[in-house]
Amino acid sequence: MMSDFKYCPMCGTKRDDDSQFCKKCNFEFLVGKYVKLDEEIPSQDEEINVEKVSQEEFVESNDILKQNRNKINYCVAKYLNNELDIQYKGKYDKIIDISITEYISYSLNNTVYQNLSGDCLKNIEKSIHDEKFIESKNIFIQWILENRGILPGTAISQYKDPIQMNVDNLEKLLSLYLIDSEENKKFINLLNEYLDFENEFLENLI
């Protein structure tokens, strides 16, 4: 049902409780319509029906989400590996939580991104703010909301579990002690932003 929207499928803004309209773009949650308001000419209000997400669009958005998530995790792991290696003189794998070292090792073994060039922080920031990444999340969420009633619990779990695991890993990374520096401050801010993105995503799958 359209009234189940927690986030606006038009612009991605979080819905305020049971509000009827999106506070940013005036999407009408209760009937699933976008109302374009013109204060000067009320008689020309225009309604645009939001089309349902096709299976093909959903599959494409899911692929984009996976690829971008893997890319971000690779860059996060690469940055952490370098920082922790310096901080603990090459022995961090014997000091910090094993789940964190496993996350770093697993993410760095993603051969798709091993030739990725450029600064890790810039790559993380660019990926988090990538328009296709954000749009894919909104498409994915809309498809889930439209089809939740006919989806078995196992189907929801297969989408939810990897995101939950990512959220758990990010929370552990944010509990790490890192030397105070401008780069590390930026890294922590980006991690928090990434965690917010994943938590918003997860809310719609629970």
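The values are calculated or read from the model by the stated rules, or taken from the named source; none is laboratory data. If you're wondering where the values come from, they're calculated on a predicted model, not measured in any experiment. Here Cβ is always computed from backbone atoms with ideal geometry, including for glycine, and neighbour counts include all displayed protein chains. Side chains are part of the model used for accessible areas, which takes the heavy atoms of the whole protein and leaves out ligands, DNA and RNA. Shrake-Rupley method; radii C 1.70, N 1.55, O 1.52, S 1.80 Å.
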Quiz item: Scanning segment 150-187 for residues that are open to solvent by 80 Å² or more (accessible area, probe 1.4 Å) and aliphatic (A, V, I, L, M), which turns out nearest to residue 198 (Cα to Cα)?
Solution: 165
Exercise. Having 3 or more residues that are under 30 Å from residue 89 (Cβ atoms) is the bar; report the helices (runs of 4 or more DSSP H) wholly within segment 101-195 that clear it.
Key: 120-128, 153-174
